[in-house]
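Working notes, structure below.
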Amino acid sequence: MASNEKEGAPVNTRREFLVKISAAGALTITPGLFLYKVAEAKSDNELASANKRWGMLIDTARCADGCNACVEGCNKEHGLTGHGREATDAQWMRKVTVTDKSIGKTISLPIMCQHCENPPCADVCPTGASFKRKDNIVLVDKHICIGCRYCMMACPYKARSFIHEELSNQKSYSPRGKGTVESCTFCVHRVDQDKQPACVEACNESGHKAIVFGDMKDPNSELSVALKTSSSRQIRADLGLNPGVRYKNF
Amino acid sequence: MPTTKTYLSKIKTALSLLVLNIAFLSTNVYANENSLIIPEATKGKTCVEPIPEMRKNHMEYLLHKRDLTMHEGQRTKKHSLKECISCHVKKDKVGEYISINKEGQFCQSCHSYAAVSIDCFGCHATKPDAKLGILNSQNVKNKGITSLITRLQKTAKSTDE
């Protein structure tokens with residue numbers, strides 16, 4: 001686990017992934033429970049592991065039109081404050097409303113970094129700053145980001161922001177600064193400490209409970225169970241990126 | 001040339017702070033010879049590595065830790081930049097933290113003396129995270145409006161000073 005493997009886990013093909021998922025589903029309860037136990041006791045010096053894949057399931061039926069709790073939770077957690085310039089202000093998460101005109105149905109859903117298994121941002125990054133952690137959290141290593149913004153163009157979800165101005169009063173756990181690209185980190189600082197991302201917490205507090213976060217490789221996690229027992233979608237599944245964020249009732 | 005007085009006071013320091021004496025004396029000597037004043041740590045008995053090692057190689061520890069945290073998710077406190085700040089940051093007269101990279105503060109003291117400039121604090125917080133704000137709803141709910149008013153008055157006073 002503590003290896004020096006370059007570039008995280010070997011990139012799986014989508015097919016291999018699907019095979020693995022179904023294999024995981026077929027595991028007997030005992031190894032499942034064992035995995036679960038290991039997953040529970042994360043100590044500070046435990047490293048990100050390829051035995052995990054963090055993901056999310058967002059139930060658009062529970063996500064209320066007009067509710068912005070997750071976005072506000074995210075902004076607060078990471079100290080994202082704008083300059084009132086919508087086009088360039090940092091935005092890690094946004095609410096989108098989709099209307100099907102033919103039946104007059106409107107749904108509302110949050111979009112953020114989809115934490116792809118095959119992230120195009122990492123493919124195009126000239127310095128290796130955009131990368132995928134072993135547990136499939138897609139991050140920007142801002143220490144080596146040169147601010148070229150290729151990743152922003154490559155991302156089909158428009159999930160990334162560039163920081164145009166100098167910042168002050170950043171949060172100690174979420175360093176941010178001028179000249180680098182940033183996006184949703186799945187609240188990696190929280191996940192590494194067995195906590196839920198800020199948006200999930202905010203959504204639960206708002207009473208909507210529309211987001212389930214967890215380990216897709218642990219067959220007993222709430223997320224895996226929810227994914228198995230309901231039908232869900234990937235946004236732009238056709239691109240074959242295999243995002244870690246899935247949507248239900250969409 | 002140290003006067004007898006400073007000499008005596010040094011001995012006093014050494015005696016009263018047995019555990020810290022080596023660090024203090026060496027800091028003082030260093031300061032006298034170079035007119036470089038490095039603010040003393042505000043927490044902890046010693047640093048995360050031996051002091052001479054830290055003076056020389058703190059950047060190596062930081063950069064190593066940076067990569068481990070960023071890429072591997074290691075969250076131990078030792079060598080973490082957040083922790084350097086929590087032990088080395090100072091407070092001003094009204095008890096507010098002073099940014100660690102301000103002139104004369106810990107991370108700036110040697111750096112400006114040796115003409116080193118670092119970009120870390122363009123992104124990294126320069127002080128520990130602020131405690132819950134005055135208008136934190138939980139506080140207001142729990143302690144009622146009177147406590148809020150006293151707190152507001154206190155803050156108003158401290159900003160006047």
Discussion item. Looking at the range B:85-107, I want the residues that are more than 14 Å from chain A (Cβ to nearest Cβ) and have a partner that is of a type in the set (Phe, Trp, Tyr) and outside any loop (DSSP other than H, G, I, E, B) with Cβ atoms under 7 Å, at least 6 apart or on another chain. Which pairs are those?
Written reply: B:91/B:97
Practice prompt. Return the total of residues in the range A:53-103 being within 14 Å of chain B (Cβ to nearest Cβ), part of a loop (DSSP other than H, G, I, E, B) and under 26 Å from residue A:249 (Cβ atoms).
Written response: 1
Worksheet entry | Residue match in the range A:116-129 (condition: within 30 Å of residue B:80 (Cα to Cα), within 13 Å of chain B (Cβ to nearest Cβ) and of a type in the set (S, T, N, Q)) | no
Fill in: Subset tally (residues that are within 21 Å of residue A:173 (Cα to Cα) and polar (S, T, N, Q)) for the range B:80-110
4
Worksheet item: Does any residue in the range A:138-159 that is touching a residue at least 60 places away in the same chain (Cβ under 8 Å) come within less than 9 Å, Cβ to Cβ, of a residue that is aliphatic (A, V, I, L, M) and surrounded by fewer than 16 Cβ atoms within 10 Å (Cβ to Cβ) six or more places away or on a different chain, and which pairs are these?
Response: A:156/A:239
Item to complete: Select, from B:155, B:150, B:159, the only residue that is loosely packed, with under 10 Cβ neighbours inside 10 Å, part of a helix (DSSP H, G or I) and modelled with pLDDT under 95.
Response: B:159
Worksheet entry | Residues satisfying the stated conditions in the range A:76-91, i.e. under 21 Å from residue A:197 (Cα atoms) and of a type in the set (D, E, K, R) | A:76, A:77
Discussion item. Among the residues in the range A:203-216, are any buried (at least 20 other Cβ atoms within 10 Å of the Cβ) and among the polar types (S, T, N, Q)?
Written reply: no
Item to complete: Could you tell me whether the range B:110-122 includes any residue that is within 11 Å of chain A (Cβ to nearest Cβ) and under 27 Å from residue A:136 (Cα atoms)?
Response: yes
Discussion item. Within the range A:194-207, does at least one residue satisfy the condition of being modelled with pLDDT under 95 and closer than 22 Å to residue B:74 by Cα?
Written reply: yes
Worksheet item: Of all residues in the range A:142-170 being under 18 Å from the mean Cα position of the chain (by Cα) and charged (D, E, K, R), which is farthest from the other protein chains (Cβ to nearest Cβ)?
Response: A:158
Worksheet entry | Residues of the range A:90-122 satisfying the condition of being farther than 17 Å from residue A:158 by Cα and either buried (at least 22 other Cβ atoms within 10 Å of the Cβ) or among the acidic types (Asp, Glu) (or both) | A:100
Practice prompt. State which residue is farthest from residue A:113 (Cα to Cα) when the search covers only the range A:201-232 and only residues that are part of a helix (DSSP H, G or I), aliphatic (A, V, I, L, M) and within 18 Å of the chain's Cα centre (by Cα).
Written response: A:226
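The values are calculated or read from the model by the stated rules, or taken from the named source; none is laboratory data. Since the model is a prediction, treat every value here as computed from it, not as a measurement. Positions of Cβ are backbone-derived with ideal geometry, glycine not excepted, and every protein chain shown enters the neighbour counts.
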